[in-house]
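Read the figures in this text as sums done on the coordinates, not as results from a lab. All values derive from a computational prediction rather than experimental measurement. Using ideal geometry, Cβ is built from the backbone for each residue, glycine included, and neighbour counts are taken over all protein chains shown.
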Amino acid sequence: MVTAAEQGRETRARLMAAATELIAEHGWGAVTTRMVAERAGLRPGLVHYHFTSVTDLLIDASLQTARTEYENVMTGVLAASGPAAMRQILTAISSYTSTDPATVAMSEMMLAATRHERLRRELGRFVAEARAALAEWFRDQQVVADPAATAAVVLALIDGLILHRLIDPTLGSIDPTGPLLRAAGLTEPIASEGNSDDHAHEGERNQD
């Protein structure tokens, strides 16, 4: 027999799943209580029974999506070592497309975070947790002198790649593996063309 508490959790889950889908389809500001209830197959009154407002529902749904996405990516990364971890990140990025509801919802969430303090605060906590975990990974790998700064840059690059792919899907044809590995200190930097010329001239002078 299903208890009242279990039924309540199921109802909340259905409402948040419906909200995430609608955010991706219509944008944060267009989602209404009635839209969510209809998508979830529930009475509109249940939205306000479980959430103070539709905004609180959207925030909770978005935060749950963000938590799930960050944990899915970071679990794989932290279990790997060296370049394999960064390739794990790239594998995750390749699954994010302009038609993926979770990805679109997260982009809407980031914009909404500039207007809603609770969303900004909680999303910031997720990002800080991911950054701290990645910084600890870099310390264990002993590949960079500044693990915390490297973790911040790598996570920013990852978020940027995802957002840019939402805007320009053709970026999916570009392989960012090399640049990301270099940013993470996992490969030797490639000498610039100018430096190569300098070394060539230096060799010629030594021969003279």
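When 63, 119 are arranged by Cβ crowding within 10 Å, least crowded first, meaning fewest neighbours, the order is 63, 119.
Give me the Debye-computed log₁₀ of I(q)/I(0) at q = 0.16, 0.23, 0.24, 0.28 Å⁻¹ for the range 12-67, equal point scatterers on Cα only, no solvent, two decimals. Taken in order of the listed q values, log10 I(q)/I(0) reads -0.36, -0.77, -0.85, -1.18. Sorting 131, 139 by the number of Cβ atoms found within 10 Å of their own Cβ, with the fewest placed first, yields 139, 131. Using θ = phi - 60° in the Karplus curve 6.51 cos²θ - 1.76 cosθ + 1.60, the 3J(HN,Hα) couplings for the range 130-139 round to 5, 5, 5, 5, 5, 4, 5, 4, 5, 5 Hz; x is entered for Gly and Pro. Scalar couplings 3J(HN,Hα) for the range 114-120, obtained by applying the Karplus form with A = 6.51, B = -1.76, C = 1.60 to θ = phi - 60°, are 6, 10, 10, 4, 4, 5, 4 Hz; x denotes Gly and Pro. Arranged from fewest to most other beta-carbon atoms within 10 Å of their beta carbon, 10, 136 become 10, 136. Remark: C-alpha extents of the range 53-122 on the principal axes read 44, 25, 17 Å, sorted largest to smallest.
The Rg/Rh ratio for the range 56-188 is 0.97, where Rg is the radius of gyration of the alpha carbons and Rh is the Kirkwood radius.
Backbone phi angles across the range 6-21, fed through the Karplus curve with coefficients 6.51, -1.76 and 1.60 (θ = phi - 60°), yield HN-Hα couplings of 5, 5, x, 5, 5, 5, 4, 5, 5, 5, 5, 5, 5, 4, 4, 4 Hz in residue order; Gly and Pro are listed as x. Could you please tell me the mean projected area of the C-alpha convex hull for the range 1-136, averaged over all directions and given in square nanometres to one decimal? Over all viewing directions, the range 1-136 projects a mean Cα-hull area of 9.8 nm².
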